[in-house]
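Asks: Dropping the structure in here first, questions after.
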Amino acid sequence: MQGIADFIELEQIYSQTLGNGIHSLAVCAANSGEGCTSLACALAERHQKSGYSCLLVDMNLYRPAFDRYFNLPRADWSLEEHSSSSAMVNLAQGYNVLTASTLPAMDFRKSELVNRFIETWRRSFDAIVIDTSPLNALNRNNIPAELICGAADAALLVVRSNKTTESELLTAYNRLQRCSARLAGVVMNDAECPTLAEELLRETTRLERMLPRIASWFANKIRSSHFLNLSV
């Protein structure tokens, strides 16, 4: 999708996830920078605007995003009873954010605790949206994304076109399969895909040496075409 917050595409994703009765949703990707944070925030805000309460949780401890995204502090909350409540920030009616904890990742690597805590959050909110670490980025300073995805009702896998390779995607998918995650769908982020105009302009450069005037004429026509410059 071009622009995660695009209204029509966001509605399609929402109607198949939070709008379809999914109460806890993990947003994941094979690598960093694929658009998970933008999608997670957009879905949480969309759910809140439908009159539901939503908790947006950052579970990427190695490269957290919500503290910068919302200009909020991080806190040392844990998966102990009531620990996260004081760290939650209410941004609007029914829209709450929990930034990444400052505690070591090892404190969050117990699947039974993660399952129990998501269930605890569900008793207070209509929906939980969790931004995870990259599935293929394994390090001791983070929570394995597949652990979060397996604990949630469903997972959304974000794939950035022209960036994620087939082998990276397959590795990420296998990790989700091994933890029995329910994959609600795959979201294609086309932010870096060239427009048809860009592809055609690249082809016109072949004419420049032999037919410079024609090449220039074609290039001007392509640049001025609104249709050709639309993103895919």
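The values are calculated or read from the model by the stated rules, or taken from the named source; none is laboratory data. In this text, all values refer to a predicted model and were calculated from it rather than measured experimentally. Don't worry about glycine lacking a Cβ; one is built from the backbone with ideal geometry, like all the others, and counts go over all protein chains shown. In case anyone asks, the SASA skips ligands and DNA or RNA and just uses the protein heavy atoms, side chains included. Shrake-Rupley method; radii C 1.70, N 1.55, O 1.52, S 1.80 Å.
Asks: Please work out if I22 is aliphatic (A, V, I, L, M), surrounded by 14 or more Cβ atoms within 10 Å (Cβ to Cβ) and within 18 Å of R160 (Cβ to Cβ).
Replies: On the way: aliphatic (A, V, I, L, M): yes; surrounded by 14 or more Cβ atoms within 10 Å (Cβ to Cβ): yes; within 18 Å of R160 (Cβ to Cβ): no.
Criteria not met by I22.
Asks: Might you let me know whether segment 21-32 holds any residue that is touching a residue at least 24 places away in the same chain (Cβ under 8 Å) and over 16 Å from A155 (Cβ atoms)?
Replies: Yes, because at least one residue in segment 21-32 is touching a residue at least 24 places away in the same chain (Cβ under 8 Å) and over 16 Å from A155 (Cβ atoms).
Asks: Can I ask one more? Could you give every pair whose Cβ atoms fall below 7 Å, whose first residue belongs to segment 62-89 and is closer than 18 Å to A44 by Cβ, and whose second residue is exposed (fewer than 12 other Cβ atoms within 10 Å of the Cβ), counting only separations of at least 6 or pairs across chains?
Replies: Listed by first residue and then by second, the contacts come to D67/P73.
Asks: In segment 90-117, how many residues are aliphatic (A, V, I, L, M), open to solvent by 60 Å² or more (accessible area, probe 1.4 Å) and in contact (Cβ under 8 Å) with a residue 40 or more places away in the chain?
Replies: Qualifying residue count for the region: 0.
Asks: Mind checking whether some residue in segment 29-37 is touching a Phe, Trp or Tyr at 6+ places or on another chain (Cβ under 8 Å), buried (at least 20 other Cβ atoms within 10 Å of the Cβ) and either under 23 Å from A137 (Cβ atoms) or of a type in the set (K, R) (or both)?
Replies: Yes, that holds for at least one residue.
Asks: When N162 is evaluated against the numbered criteria (1) crowded, with 17+ Cβ neighbours inside 10 Å; (2) assigned to a loop (DSSP other than H, G, I, E, B), which criterion, by number, is the only one it fails?
Replies: Result: N162 fails condition (1) only.
Asks: Count, please, the residues in segment 165-189 that happen to be in a loop (DSSP other than H, G, I, E, B), buried (at least 16 other Cβ atoms within 10 Å of the Cβ) and modelled with pLDDT under 90.
Replies: Selection size over segment 165-189: 0.
Conditions (1) touching a helix residue (DSSP H, G or I) at 6+ places or on another chain (Cβ under 8 Å); (2) among the hydrophobic types (A, V, I, L, M, F, W, C); (3) in a helix (DSSP H, G or I); (4) surrounded by 21 or more Cβ atoms within 10 Å (Cβ to Cβ), marked per residue:
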| site | (1), (2), (3), (4) |
| --- | --- |
| Q12 | no, no, yes, no |
| H47 | yes, no, yes, yes |
| L56 | yes, yes, no, yes |
| L61 | yes, yes, no, no |
| A75 | yes, yes, no, no |
| L79 | yes, yes, no, no |
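Asks: Need the failing condition index for I148 against (1) touching a strand residue (DSSP E or B) at 6+ places or on another chain (Cβ under 8 Å); (2) of a type outside the set (D, E); (3) outside any helix (DSSP H, G or I); (4) within 20 Å of L39 (Cα to Cα), just the number.
Replies: (3)
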